[in-house]
Amino acid sequence: MDLYSLKLEQIKKDPDQWAAFKSNMSTVVKAGPGSGKTTVLSLKIMHLLKEKVKPPRGLACITYSNEAAKEFTNRLKSFGYQKRQNVVLDTVHSFCISEVIVPFAHLYDIGISLPLNIISKSDKTWLFKEILEEQEIDKKSIRIEDMDKERNQLIGGDSLIEPELNDTARIVANEYENRLHNKQQVDFIEIIKYATKLIKEQEYVRKCLEAKFPWILIDEYQDLGKPLHEMILTLFHKTNIKIFAVGDPDQSIYGFQGAIPDYLLELYDNPNIMSIDLKTNYRSNQDIIDAATIALNIDDREYKAGTRIDEKAEFHFITCEAEMDEQYEYVVNKIIPDCVNKNIPLEEICVLVANGKQVNELSNFMTASHIPHYLAKHEFLKSKIIVWMKDCASWILNNSSIAFTDISDFWINLLSSQGGELSEESKLQEKKLFLSNLHRSAHYKHNLNLWFTDLLNKLNLEHNIAGSQRYCTEIEHIKSFQELIKDGELKEYDLIRFSQVGKPENQVTISTRHSSKGLEFEVVIMLGLEEGNFPYYSTVDIPKELNEQRRIFFVCITRAKRVCYLLRSKRMTSRTKYGLRTFSKNPSMFWEELYVVQESKKTIY
């Protein structure tokens, strides 16, 4: 039995998964942690392409990140997917550029300058600071994230969700967008807003999308914000496109970007859309699931374990005397050795911290103790080009999971995106030249910087990207990556280490809480569970913000299959206007809530 058929037989045993798979109308799937939503969505795509959608029509699957898009592509290939026309598996930004802005923006006067000129991250920061100075706005009163959140919410449309507007942020947002337009530049928020504007205002654009994509599927809907939500509502109300949206409002943790659970719930509550809940967790045991529900402070989720039945979880509450360093030392000297002694593989251990600074600090402790470790969710993996270059490195190293056709097809698509489809003869010539350049670049496989620079020059990559509307957003990613491999954290990498990024074999994973989404481990270790640190002190008296902190805690707990460690310190030193001060710290409310329940169940170890 092939893998596709095998997986179909598996989901038939779960009535909710099977109902989502078989639905033939617009559907919203609320998928709890570990409920198999990626499998269901991948099988749904295959089913539609095999049985429902006939060429030349296709479908679009919109994801939150390039990593997610690549995961879907790989899963579909394992199910027997053969590449075909008008099937798009991509991020929301790439979808907006390639399927809306590039083909249609030149037809209408919507205020966007073509070709797209993406403002760099550094220039955006400089422009933001310049506006604050000129408007005499206190820099401490608003962050660039506040401005972007406001910009996301300002788009109008069909949604009945009332935006939480910030007057100061609105002033800055309007001025920022005016100056961006004057500079004839855009950023990623503008790209989605312009695409949404075209879809909302132009029937021709909607008709073309409907002809091409009878189905649009969206993963992680709770993470994608108001502009995409308005786009989807317009397509639902004004076209015959069927929507299949998957998400979990309990895992909505990007409020600083304007993503809130309300948009998914609004779609879920629409009487003309089928609503399905996936409540069986195939990752964690029931104790972990129950603890996660406590974290939410909600008692109506009814999540049940579909595996590890009758297994008991372990919850370890560790109190250190002072500072984060003692927590790092406890992890390195006590927890990880104990796990190893219990035959738990290093790749089944994850340590969750608050921010990138703590990631680096813990990494230094692990390096000093010779503990192999891996930093999850590298920023550079958000780049299509860098992920493709990683695949090129894997192919050079004879990694059987990477086929030459995969990396060469990407290259041909990039070249074609500049001036139209290449002839078959030109494609063959370009592939031969590409193959030759790959073979020659292998001379530098022992030094990632030399290899990357060599291939970058041989392919004239920056020039080719700059000439492509579809990939023009990648230039800044390449420059940032070059800094990492020349003088940054990747300067000692060779092609073997580069190709293994994203595959933490025999390594402990270190992640921030926000970046842990999508990961799963036997053991999860959470640090920094002090009052005022998590939940952050400024959120405690603001219900919506505290609820988001609870959702972050929920995400952290649900990464674990069986074991959770929660660490805190009695005293923490922080910088104040009077200099460094040491403060006594009570346990986090999250710690206390979970501790009380576990004590009552007599399962504290």
Would you list the helices (runs of 4 or more DSSP H) that sit entirely within the stretch 417-469 and hold 2 or more residues that are open to solvent by 30 Å² or more (accessible area, probe 1.4 Å), within 13 Å of CYS392 (Cα to Cα) and not β-branched (Val, Ile, Thr)?
424-441
Restricting attention to the stretch 392-413, and to residues there that are of a type in the set (Val, Ile, Thr) and open to solvent by 20 Å² or more (accessible area, probe 1.4 Å), which single residue is modelled with the lowest pLDDT?
ILE402
Return the total of residues in the stretch 304-323 being open to solvent by 30 Å² or more (accessible area, probe 1.4 Å) and either closer than 21 Å to ASP16 by Cα or assigned to a loop (DSSP other than H, G, I, E, B) (or both).
8
Determine if the stretch 252-270 includes at least one residue that is over 29 Å from GLU145 (Cβ atoms) and surrounded by fewer than 19 Cβ atoms within 10 Å (Cβ to Cβ).
yes
Checking the structure you have, find out if any residue of the stretch 285-299 is closer than 29 Å to LYS22 by Cβ and either of a type in the set (Phe, Trp, Tyr) or touching a Leu at 6+ places or on another chain (Cβ under 7 Å) (or both).
no
Name the residue, out of LYS70, LYS54, that is part of a helix (DSSP H, G or I) and either of a type in the set (D, E, K, R) or closer than 30 Å to LEU180 by Cα (or both).
LYS70
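Of all helices (runs of 4 or more DSSP H) completely enclosed by the stretch 331-414, which ones contain at least 1 residues that are more than 30 Å from ILE557 (Cα to Cα)?
By residue number, 384-396.
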Inspect the stretch 113-129 for any residue being outside any helix (DSSP H, G or I), free of Cβ contacts under 8 Å to residues at least 40 places away in the same chain, crowded, with 17+ Cβ neighbours inside 10 Å and of a type outside the set (D, E, K, R) and give the result as yes or no.
no
Would a scan of the stretch 359-372 turn up a residue that is in contact with a Pro (Cβ under 7 Å, 6 or more places away or on another chain) and either open to solvent by less than 50 Å² (accessible area, probe 1.4 Å) or touching a residue at least 12 places away in the same chain (Cβ under 8 Å) (or both)?
no
Quick check on the stretch 373-391: of everything there that is touching a His at 6+ places or on another chain (Cβ under 9 Å), more than 13 Å from PHE498 (Cβ to Cβ) and open to solvent by less than 40 Å² (accessible area, probe 1.4 Å), which residue is modelled with the lowest pLDDT?
SER383
So which residues in the stretch 424-455 are touching a helix residue (DSSP H, G or I) at 6+ places or on another chain (Cβ under 8 Å), closer than 20 Å to GLY488 by Cβ and among the polar types (S, T, N, Q)?
ASN449, THR453
I'd like the full set of residues that are open to solvent by less than 50 Å² (accessible area, probe 1.4 Å) and either farther than 20 Å from ASP187 by Cβ or in a loop (DSSP other than H, G, I, E, B) (or both), limited to the stretch 133-156.
ILE137, ILE142, ILE155, GLY156
Look through the stretch 482-508, keep the residues that are in contact with an Asp or Glu (Cβ under 9 Å, 6 or more places away or on another chain) and open to solvent by less than 40 Å² (accessible area, probe 1.4 Å), and return whichever of them is nearest to ILE412 (Cα to Cα).
SER499
Exactly one of THR73, THR63, THR38 is open to solvent by less than 10 Å² (accessible area, probe 1.4 Å), of a type in the set (Val, Ile, Thr), under 17 Å from the mean Cα position of the chain (by Cα) and more than 20 Å from ALA211 (Cα to Cα), and that one is THR63
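The values are calculated or read from the model by the stated rules, or taken from the named source; none is laboratory data. These numbers come from a predicted model, not from an experiment. Counting neighbours? That spans all protein chains shown, and the Cβs are built from the backbone with ideal geometry, glycine included. All accessible areas refer to the heavy atoms of the entire protein, side chains included, with ligands and DNA or RNA removed. Shrake-Rupley method; radii C 1.70, N 1.55, O 1.52, S 1.80 Å.
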